[in-house]
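Engineer: Could you have a look at this structure, given as C-alpha cells, before my questions?
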Amino acid sequence: MRDPSSLPGWLAARVLHIRPDVLVIDKPAGLPIDPGRPPAATPTALAARPGRNAPGGGGNTPRGKGQPARGTKPSLADWLPLLQLGRRHPPQPVHRLDTDTAGCLVLGRTRPSLGLLGALFADRRAEKTYWAVVAGRPRTAAGTLDAPLRKVSTREAGWRMEAHPEGQPARTAWRLLGGAETGEGPLSWLELRPETGRTHQLRVHCALLGCPILGDPLYGAGRERGGPMHLLARAIALPLDPPLAAEAPVPPEMAAAFARCGAPLAATPPRLPLPPDPS
C-alpha cells in the first residue's frame, strides 16, 4: 500500500481512509462517476484537439494520468489511475453518488474486495449518512419516508425520478439537526439515512417532505434552484474486520448555509483547488 502523500496535493487531500483493499475518497460535487461521450468530430472540434490545450501539454503531447479524454469533462474515471497506489489495477467504485452530490465514495482496491464490498451495499449493510440543507421546515423533528420511485422522461424536459406506487421501493429515515430563519423563509439542516439506493432518492424524498434541497436544479423551485446543491454524503460505516468508518468535511461552497443552520464546521480542513477543466 503506497502512501497517499505521493499523490498530487489536490487529490491527497481527498483521501479519507485507506487500507490495503479499500479506499474512501471525498468526491467533489460536479464530478460524474462515468466519463461523458466526446463531441462529434466536427471541423471546429478537430481544430481544438491539439495537445497544447490539455493541462501541462504542449504540441501533440499524449494525455497523461488524471487528464480526461479530449473534448470530455473530467470524471472519476480520470482519477482512478492516479489512485492505483501500487496495486495491480486501479480501484473501482462499489456504489454510486449523483454527479451533484459531494462526499464519501468507497472504492475497492482488489478484485476480492470489490465482490465483498459490493455485497455489503447490495445487502444494505453499509450505513450511509447524508447531510442536507433544505428550504422550509419539516412538520416533525424526525420520520421515515417510504415512497417508491420510478424514472420518467419527456422530449422537452428530459428525465427525472418521481414517486409512484409502481416504482421501485425507496425508503429514507431523516431527522432535523438544526435550522435558521432567513428573509426568504426558513432553512433546515437534515440528517438523511437512505435504506435503499435509488437514483435521486434523497432529492425526491426531501421534495416530498415539502423541503427541497437548497440548490437542487431539478426538484427545487424558486430560490432552491440557485447555487450549489447542498447535499453531502457525510459518513460511511462498513462492517469489515476491523470496522471501517469515514467522514467527509462540509465543502467550502456549502459551509455558509450549514453553519447558519448550526452545523459544527471548526474541524473542516482546507481544500486544495482541483486541476483546471481542460475544456
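Engineer: For the list (1) farther than 16 Å from T129 by Cα; (2) modelled with pLDDT under 95, I need the number of the one condition that A180 fails.
Structural biologist: (2)
Engineer: Okay, moving on. Identify, from the list G220, G197, G227, the residue that is at pLDDT below 95 and either part of a helix (DSSP H, G or I) or buried (at least 19 other Cβ atoms within 10 Å of the Cβ) (or both).
Structural biologist: After ruling out the rest, the residue left standing is G220.
Engineer: Turning to a different aspect of this structure: Go through (1) of a type in the set (A, V, I, L, M); (2) modelled with pLDDT of 90 or more; (3) within 17 Å of W189 (Cα to Cα) and name the single condition L265 misses.
Structural biologist: So the condition that L265 fails would be (2).
Engineer: Of these, R63, R125, R87, which one is farther than 26 Å from G215 by Cβ and modelled with pLDDT of 95 or more?
Structural biologist: R125
Engineer: Any chance the range 116-130 includes a residue that's part of a strand (DSSP E or B), of a type in the set (K, R) and over 26 Å from A257 (Cα atoms)?
Structural biologist: Checked the range 116-130: no residue is part of a strand (DSSP E or B), of a type in the set (K, R) and over 26 Å from A257 (Cα atoms).
Listed here are the residues, each with its yes/no results for (1) surrounded by fewer than 17 Cβ atoms within 10 Å (Cβ to Cβ); (2) touching a Leu at 6+ places or on another chain (Cβ under 7 Å); (3) touching a residue at least 12 places away in the same chain (Cβ under 8 Å).
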{"site": "A126", "(1), (2), (3)": "no, yes, yes"}
{"site": "W131", "(1), (2), (3)": "no, yes, yes"}
{"site": "V134", "(1), (2), (3)": "no, yes, yes"}
{"site": "G143", "(1), (2), (3)": "yes, no, yes"}
{"site": "E156", "(1), (2), (3)": "yes, no, no"}
{"site": "A163", "(1), (2), (3)": "yes, yes, yes"}
{"site": "A170", "(1), (2), (3)": "no, yes, yes"}
{"site": "W174", "(1), (2), (3)": "no, yes, yes"}
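Engineer: Separate question: Kindly evaluate V152 against the criterion of being closer than 14 Å to C261 by Cβ, of a type outside the set (S, T, Y) and part of a strand (DSSP E or B).
Structural biologist: no
Engineer: Do you know which of the residues in the range 238-257 that are more than 16 Å from the chain's Cα centre (by Cα) and under 16 Å from R193 (Cβ atoms) is surrounded by the most Cβ atoms within 10 Å (Cβ to Cβ)?
Structural biologist: Restricting to residues being more than 16 Å from the chain's Cα centre (by Cα) and under 16 Å from R193 (Cβ atoms), the top hit is L238.
Engineer: Shifting gears a bit: It is to be established whether one or more residues within the range 87-109 are of a type in the set (D, E) and within 15 Å of P35 (Cα to Cα).
Structural biologist: Yes: the range 87-109 contains one or more residues that are of a type in the set (D, E) and within 15 Å of P35 (Cα to Cα).
Engineer: State which residue is surrounded by the most Cβ atoms within 10 Å (Cβ to Cβ) when the search covers only the range 9-26 and only residues that are in a helix (DSSP H, G or I) and out of contact with any helix residue (DSSP H, G or I) (no Cβ under 7 Å at 6 or more places or on another chain).
Structural biologist: Here the residue is W10.
Engineer: A further question on this structure: List the number of the failed condition for C206; all other conditions in (1) surrounded by 14 or more Cβ atoms within 10 Å (Cβ to Cβ); (2) assigned to a strand (DSSP E or B) hold.
Structural biologist: Among (1) surrounded by 14 or more Cβ atoms within 10 Å (Cβ to Cβ); (2) assigned to a strand (DSSP E or B), the lone unmet condition for C206 is (2).
The values are calculated or read from the model by the stated rules, or taken from the named source; none is laboratory data. Nothing here was measured: the structure is a model prediction, and the numbers come from that model. Using ideal geometry, Cβ is built from the backbone for each residue, glycine included, and neighbour counts are taken over all protein chains shown.
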